[in-house]
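Here is the structure we will look at, set down as structure tokens.
Every number in this text was worked out from the coordinates using simple rules, so none of it is lab data. Everything quoted here is computed from the prediction, not taken from an experiment. Glycine gets a Cβ as well: all are built from the backbone with ideal geometry, and neighbour counts include every protein chain shown.
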Amino acid sequence: MADTRIQKFAKILVEHSARIVPGDRVLIEATTAAEPLVRELFVQILEKGGHPHPLISFPGQEESFLLHANDAQLEFVPTFMKLAYDQFESRIRIHSSTNTRGLTNIPSAKLQKRSKTTGIITETQMRRGAEGAFKWVTTLYPTNAYAQEAGMSLQEYEDFVFNAVHAHEEDPIAYWKSTAARQQKAIDFLADKDIVTLRGPNVDLSLSIKGRKFMNSTGVYNMPDGEIFTGPVEDSVNGWVKFTYPAIYNGVAVEGAELIFNRGRVEQAKADKNEDYLIKMLESDSGARYLGEFAIGTNFDINRFTGNILFDEKIGGTFHMALGAGYPETGSHNKSAIHWDMICDLRTDSEIYVDGELFYKNGEFVF
């Protein structure tokens, strides 16, 4: 019997996130593991008058490419993906990996080279998205690999995912719309402010948000969602942070990552595990050592670390920062081939002050 939650999941993506209207050309990126959701999206996009274009990869395709590709192939921008990102009205990406550690043993030099190439597509996505010309959303379909990474059975993980996107509710779109008002109060408080100061067992950091815009993230670009975020003033970040959860990028988990910033730039970096990978990624380009994003997670329905950034960055009571590319709509000018989110817990003995006024304490807004 079909899982009705998949139908509701597709409805959320089509009607709330991607906002499909007649004539929209929609790229659907997924692996074969996400076939049930892709099928449902295909039908619902057609019912909305759109033109679905599935771009499906087989399990292990990315690993196989990186393992066997030469430099020319690593530097080649995928033809059909580039065309879609340049011209289409929408893109729905469904993470659906069957091996979350598939890239672990790929040489970092190859990963770095490929990141520079795909960064061209990422930049197009951000630019066209900021212009309102490209409606993109990224989500995840539960697989055994993600379940194992999260320490759950597949059924438990399916329940976790469908609950996180609220596909179990009768009217999930109404829920996501209701989150906007709650988060807008915090955004209104931050309007026209300047200095943000974070203090806690794992952070002693300051940054400027002057002239920058906080975004109210409620399921349009990510599903699930629940955060407010901006791009900090590039040269304003000073201080130290130790990320309390593994920082995972391209399937490589960097544990115990610590960064020291001076005038916006990461001047020192170390980690308990995979420190060499962290340093290599910081050398990707001139923007990789600067922040493109500062955000606060607000989704208390996501209450555990799962090893997947799409969920983990939304954990209520945490903040995260992204090294590399920023979102132009926030006012960020930082450009890079990477966008690497790293998460720090603020639920114990931690505070955020904004222009000297207490804004956040032990995982809760207090203004």
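Straight-line reach from LYS193: taking Cα to Cα under 25 Å and skipping same-chain neighbours fewer than 8 places apart, the lysines in range are LYS185, LYS210, LYS213, LYS314, LYS335, LYS361.
Ordered by the number of other Cβ atoms lying within 10 Å of each residue's own Cβ, fewest first, ARG5, ARG127, ARG114 fall into the sequence ARG127, ARG5, ARG114. If only the Cβ of Lys and Arg carry +1 and only the Cβ of Asp and Glu carry -1, the dipole of region 180-365 around its Cα centre is close to 140 debye.
For LYS273, the lysines whose Cα comes closer than 17 Å to its Cα, not counting residues fewer than 8 places off in the same chain, are LYS242. Dipole orientation for the chain: of the candidates PHE42, HIS166, TYR353, PHE42 has the Cα lying most toward the positive pole (charges on Cβ; Lys, Arg +1; Asp, Glu -1).
By counting other Cβ atoms within 10 Å of each Cβ, how are PHE80, PHE9, PHE189 ranked from fewest to most? Walk me through the numbers before you get to the answer.
On the way: PHE80 10, PHE9 26, PHE189 14.
With the sparsest Cβ surroundings first, the list reads PHE80, PHE189, PHE9.
Loop-resident GluC sites (Glu not before Pro) (DSSP state other than H, G, I, E or B) in region 1-87 with no more than 15 further Cβ atoms inside 10 Å of their Cβ: GLU75. Considering only ALA84, PRO22, ILE12, the residue lying farthest towards the positive end of the dipole of region 1-122 is ILE12, judged by Cα position with unit charges set on Cβ. Charge tally around MET81: other residues with Cβ under 14 Å, Lys/Arg +1 each, Asp/Glu -1 each, net +2. Rounded to the nearest 20, the Cβ-based charge dipole of region 282-367 about its Cα centre (Lys and Arg +1, Asp and Glu -1) stands at 140 debye. Computed from point charges on the beta carbon alone (+1 for Lys and Arg, -1 for Asp and Glu), the dipole magnitude for the chain about its Cα centre is near 660 Debye. Considering only SER336, ALA322, GLY200, and ranking their Cα positions along the charge dipole of the chain that arises from unit charges at the beta-carbon of Lys, Arg, Asp and Glu, the one farthest toward the positive end is SER336. Subtracting the Cα-Cα distance of GLU283 and LYS116 from 0.36 nm times their residue separation leaves 59.0 nm of extension gain.
Once a ≥ b ≥ c are taken as the square roots of the eigenvalues of the Cα gyration tensor of region 180-365, is the result rounded (a/c under 1.5), prolate (a/b larger than b/c) or oblate (a/b not larger than b/c)?
On the way: a/c = 1.36, a/b = 1.22, b/c = 1.12.
Rounded.
I need ASP3, ASP188 ordered by Cβ neighbour count within 10 Å, fewest first.
Least to most surrounded, the residues fall as ASP188, ASP3.
By its C-alpha gyration tensor, with a ≥ b ≥ c as the square roots of the eigenvalues, how is region 53-95 shaped: rounded for a/c under 1.5, else prolate for a/b larger than b/c, else oblate? It comes out oblate by the Cα gyration axes. For PHE65 and GLN155, the difference between the fully extended length at 0.36 nm per residue and the C-alpha to C-alpha distance is 29.3 nm. For the chain, the relative contact order works out to 15 percent when only alpha carbon pairs closer than 8 Å and six or more residues apart are counted.
Potential lengthening of the chain between ARG263 and ASP349 amounts to 28.3 nm, from the contour at 0.36 nm per residue minus the alpha-carbon distance.
Here the calculated FRET efficiency for GLN87 and VAL43, from their Cβ-Cβ distance with R0 = 30 Å, stands at 0.80, rounded to the nearest 0.05.
Only lysine pairs 8 or more places apart or on separate chains count here, and in region 4-170 those with Cα atoms under 26 Å apart total 11.
So if we plug the beta-carbon distance of VAL366 and PHE80 into 1/(1 + (r/R0)^6) with R0 = 51 Å, what FRET efficiency do we get, rounded to 0.05?
Between VAL366 and PHE80 the formula returns 0.55.
In the neighborhood of ARG5, defined by Cβ-to-Cβ distances under 12 Å, what is the net charge if each Lys or Arg adds +1 and each Asp or Glu adds -1? List each step's numbers first, then the result.
Working: positive: LYS8, LYS11; negative: ASP3, GLU40, GLU158, ASP159, GLU169, GLU170.
Net of charged neighbours comes to -4.
If you take all other residues with their beta carbon under 14 Å from the beta carbon of ALA174, and give Lys and Arg +1 and Asp and Glu -1, the sum is 0.
Please sort by residue number the trypsin sites (Lys or Arg not before Pro) in region 158-249 whose DSSP state is loop and whose Cβ has at most 15 other Cβ atoms within 10 Å.
On the way: sites: LYS177, ARG182, LYS185, LYS193, ARG199, LYS210, ARG212, LYS213, LYS242; in loops: LYS193, LYS210, ARG212, LYS213.
Sites meeting the loop and neighbour criteria: LYS210.
For region 4-170, the gyration tensor built on C-alpha atoms gives an oblate shape. Its axis ratio a/c (a ≥ b ≥ c) is at least 1.5, and a/b is not larger than b/c. Under 17 Å Cα-Cα from LYS280, which aspartates and glutamates qualify once same-chain neighbours fewer than 8 residues away are excluded? Of all the aspartates and glutamates, those that pass the test against LYS280 - Cα under 17 Å, at least 8 places apart if same chain - are GLU255, GLU258, GLU267, ASP272, ASP341.
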